[in-house]
Amino acid sequence: MKTIKEAAREISEKVLAGTPHEGDEALMAEHLGMFAAGVAYAQQWISIEDELPGKGTSFVAKGMYSMPMQTYMRDGSLQPTFGEHKLYIRLSDRDEECYRYLKADLITHWRPVDMPL
């Protein structure tokens, strides 16, 4: 797996290839900064007090022990579903029920994930 810096450099080189800015180290450094900021944003945990996952969202959650926990899918039901060797907990599409379920499970934060169902 590439590091964030390696991936950013590769993308920057592709974007700048064939342009007058090809090989411009200052511009590549600027791309690295923007890329790293995007990665940091994508990796942040969202408090359930601030926002609940949207309907149809797959997400990983963590609780009071700050360890990533179970994978969830918010689709309108509450039954566990096995798929691709993973257990998904399906949550209600009603905000009040979803919030109550997450709080009862001691969930404090969540983060969206791309996951085939």
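Rule-based calculations on the coordinates, nothing more; no lab input. Because the structure is a prediction, the values reported are computed rather than measured.
General remarks:
- Length added when fully stretched, Lys103-His21, from 0.36 nm per residue minus Cα-Cα: 24.4 nm
- Estimated at 0.36 nm per residue, the fully extended path between Ser47 and Ile11 surpasses their Cα-Cα distance by 9.8 nm.
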